[in-house]
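Notes to accompany the following structure.
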């Protein structure tokens, strides 16, 4: 058991691994699926053009969820484009999607736009949505406002980061988000999680999904298994 509370299998089920960078291609995705099956990771995420291909690779792997991003990585796409992207992802076979919040609109205090954007996309489909805040660029007030809007829009999870900014899932940001949402919405930590201790600390703060790069995810599960 890890931390006398979670088995390594339970930890693996909370971890999402991904291949969502520009150069990721067929071989990367085949390897991603193989790693997820080997270690029991809960979900894999790929770029939209690879969803149908990945769905076929996952045939028979009912324990692994398939996801993809919407409006990634800037969040600045038109709402109609984000909505259409979400609809197409579901048609192609995703079980969930991670939608990028419009950070620029949030920082410009255009909260009505941000909320309408979230609602339009989340209401268009029947699969869970996780909303990426990209906390590196937000102050505490902006994070609090974003959390409330994610709840109002019906998102399933708030996600800290794309993993592309300089910082992502920090203890400070996770603590702030947890205090703000008070269990009303799930929390997904992503960006900079590299070891089992960090994961368990965030778990105790209320995080139940983790976006972690493939090698770090494997290292964490192996460390949990050795406990």
Item to check | Selection within region 205-227 - more than 11 Å from the chain's Cα centre (by Cα), surrounded by 15 or more Cβ atoms within 10 Å (Cβ to Cβ) and not in a helix (DSSP H, G or I) | outcome: 206, 207, 213
Checklist entry - Can you tell me which residues in region 87-114 are surrounded by fewer than 19 Cβ atoms within 10 Å (Cβ to Cβ) and in a helix (DSSP H, G or I)? => result 87, 88, 90, 91, 92, 104, 105, 107, 111, 112, 113
Checklist entry - Just checking, which of 144, 194, 184 is under 15 Å from residue 14 (Cα atoms) and surrounded by fewer than 17 Cβ atoms within 10 Å (Cβ to Cβ)? => result 194
Checklist outcome for this item: Screening 167, 175 for residues that are surrounded by fewer than 16 Cβ atoms within 10 Å (Cβ to Cβ) and modelled with pLDDT under 95 leaves only 167
Item to check | Condition met for residue 48 (within 18 Å of residue 164 (Cβ to Cβ) and out of contact with any helix residue (DSSP H, G or I) (no Cβ under 9 Å at 6 or more places or on another chain)) | outcome: no
Checklist entry - (1) more than 29 Å from residue 219 (Cβ to Cβ); (2) in contact with a helix residue (DSSP H, G or I) (Cβ under 7 Å, 6 or more places away or on another chain); (3) surrounded by 14 or more Cβ atoms within 10 Å (Cβ to Cβ): which one isn't true of residue 76, the others all being true? => result (3)
Checklist entry - Does residue 17 fit the bill of being assigned to a helix (DSSP H, G or I), surrounded by 13 or more Cβ atoms within 10 Å (Cβ to Cβ) and touching a strand residue (DSSP E or B) at 6+ places or on another chain (Cβ under 6 Å)? => result no
Checklist outcome for this item: Screening 119, 184, 144 for residues that are outside any loop (DSSP other than H, G, I, E, B), under 29 Å from residue 90 (Cβ atoms) and in contact with a helix residue (DSSP H, G or I) (Cβ under 6 Å, 6 or more places away or on another chain) leaves only 119
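The values are calculated or read from the model by the stated rules, or taken from the named source; none is laboratory data. For clarity, every value in this text was computed on a predicted model and none was experimentally measured. With ideal geometry, Cβ positions are generated from the backbone for all residues, glycine too; neighbour counts draw on all protein chains shown.
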